[in-house]
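Engineer: Dumping the structure here so I can ask a few things about it.
The values are calculated or read from the model by the stated rules, or taken from the named source; none is laboratory data. Owing to the predicted nature of the structure, the values given are computational and were not obtained by experimental measurement. Positions of Cβ are generated from backbone atoms using ideal geometry, with glycine treated the same way; all protein chains shown enter the neighbour counts.
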Amino acid sequence: MSTSDRNTTAGDIAAGDITGGGIAAGGHEQRAARRERAVRAAVEQGLIGTEEPVVGLLDVAGIRESAAALRAAFDEVTAPGTPVLHAFAVKAAPLVPVLRLLAEEGVGCEVASPGELALSRAAGVPVGDTVLDSPAKTPAELREALELGIALNADNPQELARIDAAVASAPSRSPLGLRVNPQVGGGSIGALSTATATSKFGVALRDEGARDWVLRAYAERPWLTRLHAHTGSQGVPLELMAEGVRATYELAEEINAAAGRRQVDTLDIGGGLPVNFGSDETTPTFRDYAQVLRDTVPGLLDGRYGLVTEFGRSLLAKNGLVLARVEYTKSAGGRPIAVTHAGAQLATRTVFVPDAWPLRVEAYDAQGRPRTGPAVAQDVAGPCCFAGDLVAENRPLPPVEAGDLVALLDTGAYYFTNHFAYNTLPRPAVHGFTGGPAEPVRFAMARPQQTVEELVAESGGGFRDAFTGA
């Protein structure tokens, strides 16, 4: 994003919006301190209570710090003048104020659906800072992206044939590329491993004849100027991520050698930096990854290629928390249970795959002060009507009481924006917070709590008699 774009974005944002507040001092200790102040202020300012028993909170200064750390990490390893677009994976936090804030910090959007593209445009993200990736793009999606000039990565030969027809009838200024699967292997979470032998994404490079097909595809289409791969995600080590990038870089070099020119001028290396869910520390860091890339694929960073990244979870996760009221406490089989309003409807992955997605839980009293005292092993349950709706099982925590609060930490990405509508529970409100150690905490709403009327409407309330003919 250009400087003028950033200034325009900032000028369009009203005072007191989620983009308010400066960049706070770095470090996980400062982030934890801001969180503690925000929990107390959320109680004092009535953001959580009997009427709204669960809420999402986002640390605005923390998001700014994460974006700055990303930019600095790649600035350090790339040759001066290298064009680099950091595009936030919108699926991680599809909230317009978040996208607006990131745009102000020079981060664009990676979108994977018409809805995500609409959110990006509503946030004012320039089309030049937007990338469309999806394994199932419809003809209408392709047409829209090509008409707008949005960068687009084809996922497979059939999609590329659709793009052939589209650009033949109406030339586009969209930067166009192809997604490949380097098939370098998976991480510890199979469902999130995108570079396995049988991954659904991209053209599988090691399949028989695939590499030759890719070389022909580029030779026949001089307007294909990008190459895209995404290897990383939660559970994928940095070295494996870098191997996927190296395989993509080597393919680009081969394409350009065959073309006798620099046909591929930009490499989209995806995102997927894993997040540490075990403590407040940010590890691995963007700098850690950038240094691994420098050591593994030095040619990637020498200025001959523009770069696109697509980080999501690593920008937002540690800058958010879910705060929920304890409605009741009880015991079963001698084990204490805190029944809260945060369960599978928010922490879906944690509830269904707890070993892969464990979350830290903090306990607070009804005034938002940290609970203290000897830890007692207890379950932290959600409101959903099935026995496995537990966000923490047999977890040592200070004893909690009805009316207390629990916080699910590191949930700024995915947890309160990708809602599981079990039991028709409403999506909670989400607020951003700002304020330093000597300043009051200020909240700005990113999304209100879903109303009962909205729940009825989306569940067919306007079509009550559709099946009865009344």
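Engineer: Residues of segment 139-162 being among the acidic types (Asp, Glu) and assigned to a helix (DSSP H, G or I), which ones? Working first, answer last.
Structural biologist: The first filter runs over segment 139-162 and keeps only residues among the acidic types (Asp, Glu), leaving 141, 144, 147, 155, 159.
Those that are among the acidic types (Asp, Glu) and assigned to a helix (DSSP H, G or I): 141, 144, 147, 159.
Engineer: On to the next question. Considering only residues that are buried (at least 24 other Cβ atoms within 10 Å of the Cβ) and closer than 15 Å to residue 137 by Cβ, which ones fall in segment 103-126?
Structural biologist: 110, 111
Engineer: A further question on this structure: When segment 356-371 is examined, which residues are found to be at pLDDT 95 or above, in a loop (DSSP other than H, G, I, E, B) and not small (Gly, Ala, Ser)?
Structural biologist: Pass one, segment 356-371, residues at pLDDT 95 or above: 359-371.
After this cut, where a residue has to be in a loop (DSSP other than H, G, I, E, B) as well, the list is 359-360, 365-369, 371.
If the condition is that a residue be at pLDDT 95 or above, in a loop (DSSP other than H, G, I, E, B) and not small (Gly, Ala, Ser), then 359, 360, 365, 367, 369, 371 are the ones that fit.
Engineer: Out of everything in segment 414-470 that is among the β-branched types (Val, Ile, Thr) and assigned to a loop (DSSP other than H, G, I, E, B), what residue ends up being farthest from residue 44 (Cα to Cα)? Please lay out each step first, then the result.
Structural biologist: Just the residues of segment 414-470 that are among the β-branched types (Val, Ile, Thr), to begin with: 417, 424, 430, 434, 441, 451-452, 456, 468.
Then drop every residue that is not assigned to a loop (DSSP other than H, G, I, E, B), which leaves 417, 441, 451, 468.
Numbers: 417: 24, 441: 10, 451: 23, 468: 49 Å.
Per the stated criteria, the residue is 468.
Engineer: Next question, about the same structure. Considering only strands (runs of 3 or more DSSP E) fully contained in segment 248-332, which possess at least 3 residues that are surrounded by fewer than 19 Cβ atoms within 10 Å (Cβ to Cβ)? So that I can check it myself, show each step before the final result.
Structural biologist: Details: elements: 266-268, 306-309, 320-332.
Correct list: 320-332.
Engineer: Still on this structure, please answer the following. Which residues, counting only those in segment 66-99, are surrounded by 24 or more Cβ atoms within 10 Å (Cβ to Cβ), touching a residue at least 40 places away in the same chain (Cβ under 8 Å), more than 19 Å from residue 268 (Cα to Cα) and of a type outside the set (Ser, Thr, Tyr)?
Structural biologist: Passing the criteria: 93, 98.
Engineer: Of the residues in segment 347-386, how many are buried (at least 19 other Cβ atoms within 10 Å of the Cβ) and at positive phi?
Structural biologist: Count: 1.
Engineer: Assuming residue 29 fulfils every condition listed in (1) in a helix (DSSP H, G or I); (2) at pLDDT below 95; (3) in contact with a helix residue (DSSP H, G or I) (Cβ under 9 Å, 6 or more places away or on another chain); (4) acidic (Asp, Glu) apart from one, which condition is it?
Structural biologist: Here residue 29 meets the rest and fails (3).
Engineer: What number of residues within segment 333-345 are crowded, with 17+ Cβ neighbours inside 10 Å and modelled with pLDDT under 95?
Structural biologist: The number of residues fulfilling the criteria is 0.
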